[in-house]
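Peer 1: Before I ask anything, here is the structure I am working with.
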Amino acid sequence: MTATASRRVLPGFGLTLGFTILYLSLVVLIPLSAVFLKTATLSPEQIWNQISAPRAVASYRLTFGASLLAAMVNAVFGLILAWILVRYSFPGKKLVDALIDLPFALPTAVAGIALAAIYAKNGWIGQFLEPLGIRIAFTPAGILVALIFIGLPFVVRTVQPVLQDLDAEFEEAAASLGATRWQSVTRVVLPAILPALTTGFALAFARAVGEYGSVIFIAGNMPLVSEITPLIIITKLEQYDYAGATAIAAVMLLISFALLLVINLLQAWSARRGRREA
Amino acid sequence: MAGATSTFPASHRFETRSATRDHGLVRALLLALGLGFFALFLILPLVVVFAEALRKGWETYWAALTEPDALSAIRLTLLAAAIAVPLNLVFGVSAAWAIAKYQFRGKALLTTLIDLPFSVSPVIAGLIYVLVFGAQGWFGPLLEGYDVRIIFAVPGIVLATIFVTFPFIARELIPLMEAQGSEEEEAALVLGASGFQTFWRVTLPNIKWGLLYGVILCNARAMGEFGAVSVVSGHIRGMTNTMPLHVEILYNEYQFAAAFAVASLLALLALFTLAVKSFIEWKSAQKSDPGIRPEESLT
């Protein structure tokens, strides 16, 4: 009823929807389809040779492995940060809260050179690690550091509002029924924030997989060792190997779409959980 | 602790009840872990940018920023943002109006498609325009006939910037306008306002903070984008270099102080963005949560 009524009353439906679809098609959909159309001009054998080359396979292992590890680190520390921001008061809390979003606002190239300056062997922290035989910059560990940096806000910002909305009454009920503090945290609080935590983890992972700017300054970019998949695409483009770049890009795009689908399902789960508790 | 109560009402709710209060040791451990991680991963890189930029003194810093290539990079970055942000602003308002004010089939799909650029690697965002407009691309030969260059030229940089910042404003406005409904607009129309007047006088004042929030985030990403722009730029000094690309070139030439000097400008932009963002959040929390306050003051 309201839907049909408002369609009749409010003007501009055709104009705004038409413009939205036109702009979306011109800027996003048609250019993105170029990746698949270009890949389709290759023979299956060519595609397979491109995407299964040892250098490409090593880069998938590195990109997905480092992204997974970084998202796990972020899930743990993101949860701790969300917890202290919601549950505790401490001096400077508002500043900490505001600066959590720094990785969203700081250009990735700036983060990349700053992290390299910190972890290089004569860097701010690197100089103390070097005598211990630990190297971070220009190894896969450096990639991990960069991916932790760019993924952190995703976990904090998805968990924080859910933790904020969780009533203290649930834990009081658990305590009055004889639960220890540990039990009420693991059996009451954790299940309630699990969908949000998983969503944050998936968002951080998805972002890390495609990341380029912050990684290349600290990775060292050695083929088979510390070369991420987006860099392979760039290298192939610079050698005018458009077919090779596009085939690998198509693989990455398909994985990104799959991740997007998973994230949408997770968010639907989150929303359902939120409604049931409300 | 009375002062702390008024400053941090939300956490006070948990800290004063025995059922939700953590053991002192647990609290100290979590604070140490969380803040230690925060300092190491977020504060230290920020400090390093400014410290490295000023390592050789203010004169070197100033020289790095006023050198002609740096100035042209700053100009190009401002130009790309000045084109990309308004275009995505018009798109964002239009998409939010269509999605929030009407019911139609395929709405969920449209919303997902709008978010698509966020899940595409920046490198692929650059690649797609090379495939469309590059020398070997769909329109490459046609454009060459008219002597128009898009890839390795300014239009390519602008296009890549538009792509990576595409969803920012729309995704801020859609949930906001959905929550507000359309009763106020309908009332305005019934009272005789035109469609445009309704938007200008009723909708826009309602969404102005959300709009500003989206614009500021969109702008930060537009000025800071590296991967996508790097693919289409061709890195021609003084011609197709944006600030982040200029940082990369200086860094690869071992001109570290100069690289960090330009980077510090981008870091200042990031801090400015976060300050405006916090201000808007504070402003809208003041307006929208009057219901929470009385309950808070009871405890």
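Peer 1: From Cα coordinates alone, what are the radius of gyration and Dmax values for segment A:111-212 in angstrom?
Peer 2: 19.5, 57
Peer 1: In peptide A:168-178, how many Cβ atoms from other protein chains are near each Cβ within 10 Å, on average?
Peer 2: Across the residues of A:168-178, the mean count of other-chain Cβ atoms within 10 Å is 3.
Peer 1: Ignoring everything but the protein chains, give the 1.4 Å probe accessible area of B:Glu178 in square angstrom, nearest 10.
Peer 2: Spelled out: B:Glu178, probe radius 1.4 Å, area about 90 Å².
Peer 1: Averaged over peptide B:228-237, how many Cβ atoms belonging to another chain are found within 10 Å of each residue's Cβ?
Peer 2: 2
Peer 1: Which value, in Å² and to the nearest 10, is the accessible area of B:Leu44 when all protein chains are kept and the probe is 1.4 Å?
Peer 2: Counting only protein heavy atoms, the figure is 40 Å².
Peer 1: Roughly how many debye, to the nearest 20, is the charge dipole of chain B about its Cα centre, given +1 on each Lys and Arg Cβ, -1 on each Asp and Glu Cβ, and no other charges?
Peer 2: In debye, rounded to 20, chain B gives about 380.
Peer 1: In peptide A:84-97, how many Cβ atoms from other protein chains are near each Cβ within 10 Å, on average?
Peer 2: 6
Peer 1: As an exercise, use a Förster radius of 30 Å and the Cβ-Cβ distance of B:Leu54 and B:Leu33 to find the FRET efficiency, rounded to the nearest 0.05.
Peer 2: So, using R0 = 30 Å, E works out to roughly 0.45.
Peer 1: Then there's this: For the pair A:Thr235 and A:Glu169, how long in nm is the line joining their label points, each one 7 Å along Cα→Cβ?
Peer 2: It works out to 6.0 nm between the two label points.
Peer 1: Between rounded, prolate and oblate, where does chain A land on the alpha carbon gyration tensor, with a ≥ b ≥ c its root eigenvalues, rounded for a/c under 1.5, else prolate if a/b exceeds b/c?
Peer 2: Judged from the Cα gyration tensor, chain A comes out oblate (a/c at least 1.5, b/c at or above a/b).
Peer 1: When the Karplus curve 6.51 cos²θ - 1.76 cosθ + 1.60 is applied with θ = phi - 60°, which whole-Hz ³J(HN,Hα) does each residue of segment A:93-109 get, with x for Gly and Pro?
Peer 2: Along segment A:93-109, the couplings run 4, 5, 5, 4, 4, 5, 7, 4, 7, 3, x, 6, 9, 7, x, 5, 5 Hz.
Peer 1: Further question on the same structure: Just grab the label-to-label distance for B:Leu78 and B:Ile43, each label 7 Å out from Cα along the Cβ direction, in nm (one decimal).
Peer 2: Between B:Leu78 and B:Ile43, the simple spin-label model gives 3.4 nm.
Peer 1: Given a 1.4 Å probe and no ligands, DNA or RNA in the count, how much accessible surface is buried by A and B, both sides, to the nearest 100 Å²?
Peer 2: 8700
Peer 1: Ignoring ligands, DNA and RNA, what percent of the accessible area of chain A is carbon or sulfur (1.4 Å)?
Peer 2: 69
Peer 1: Taking Cα centroids, how far is segment A:220-267 from segment B:155-170 in Å?
Peer 2: Each part reduced to its Cα centre gives a spacing of 20 Å.
Peer 1: Then there's this: Could you state the number of Å between the C-alpha centres of segment A:98-157 and segment B:82-105?
Peer 2: When both Cα centres are located, 36 Å separates them.
Peer 1: Applying 1/(1 + (r/R0)^6) with R0 = 30 Å to the Cβ-Cβ distance of A:Lys94 and A:Trp182, what FRET efficiency is obtained, to the nearest 0.05?
Peer 2: After rounding, the FRET efficiency stands at 0.50.
Peer 1: Counting heavy atoms of the protein chains only and a 1.4 Å probe, report the per residue accessible area for segment A:44-277 as a whole number of Å².
Peer 2: Heavy-atom SASA per residue in segment A:44-277 reads 41 Å².
Peer 1: On to the next question. At 1.4 Å probe size, with no ligands or nucleic acids counted, give the accessible surface of B:Trp200 in Å², nearest ten.
Peer 2: In the full protein context, B:Trp200 sits at about 140 Å².
Peer 1: What order, most packed first, do the peptides B:45-51, A:14-20 have when packing is the mean number of other Cβ atoms within 10 Å of each residue?
Peer 2: B:45-51, A:14-20
Peer 1: Using a Gaussian network model of chain B with C-alpha springs under 10 Å, which one of B:His235, B:His23, B:His246 is most mobile by mean-square fluctuation?
Peer 2: The residue with the greatest mean-square fluctuation here is B:His23.
Peer 1: Here's another thing I want to ask about it. Please give the length that would be gained between B:Val190 and B:Ala108 if that part of the chain were fully extended, namely 0.36 nm times their separation in residues minus their C-alpha to C-alpha distance (nm, one decimal).
Peer 2: Here the segment from B:Val190 to B:Ala108 would lengthen by 26.5 nm.
Peer 1: Evaluate 2.2 N^0.38 Å with N set to the residue count of chain B, then give the Cα radius of gyration divided by it.
Peer 2: Compared with the compact-globule rule of thumb, chain B sits at 1.25.
Peer 1: Mean 1/r over all different Cα pairs, inverted: what Kirkwood radius does the protein assembly as shown give, in Å?
Peer 2: Mean inverse Cα-Cα distance, inverted, gives 25.4 Å.
Peer 1: Now, a different point. Hey, what number do you get for the protein assembly as shown at 222 nm if only DSSP H runs of n ≥ 4 count, each worth -39500 (n - 2.57), divided across all residues, to the nearest 500?
Peer 2: -24000 deg cm²/dmol
Peer 1: Hey, if you put +1 on the Cβ of every Lys and Arg and -1 on every Asp and Glu Cβ in chain B, which of B:Trp200, B:Val190, B:Trp97 ends up farthest toward the positive end of that dipole?
Peer 2: Ranked along the dipole, the leading option is B:Val190.
Peer 1: Assuming R0 = 60 Å, what is the FRET efficiency of A:Ser43 and A:Leu15, from their Cβ-Cβ distance, to the nearest 0.05?
Peer 2: The computed FRET efficiency comes out at 0.85.
Peer 1: Right, another one. With all protein chains present and a 1.4 Å probe, how do A:Ile148, B:Ile236 order by accessible area, largest first?
Peer 2: Of A:Ile148, B:Ile236, the descending order of accessible area is B:Ile236, A:Ile148.
Peer 1: Let me ask something else. Each label point is 7 Å from the Cα along the Cα-to-Cβ direction; what then is the distance between the points at B:Arg17 and B:Met239, in nm?
Peer 2: That separation, rounded to one decimal, is 6.6 nm.
Peer 1: So what is the relative contact order for segment A:44-277, in percent, with contacts set as C-alpha pairs under 8 Å and at least six apart?
Peer 2: Relative contact order, segment A:44-277: 31 percent.
The values are calculated or read from the model by the stated rules, or taken from the named source; none is laboratory data. Since the model is a prediction, treat every value here as computed from it, not as a measurement. Note: ideal-geometry Cβ built from the backbone for every residue, glycine included; neighbour counts use all protein chains shown. These accessible areas exclude ligands, DNA and RNA; they are computed on the full protein's heavy atoms, side chains included. Shrake-Rupley method; radii C 1.70, N 1.55, O 1.52, S 1.80 Å.
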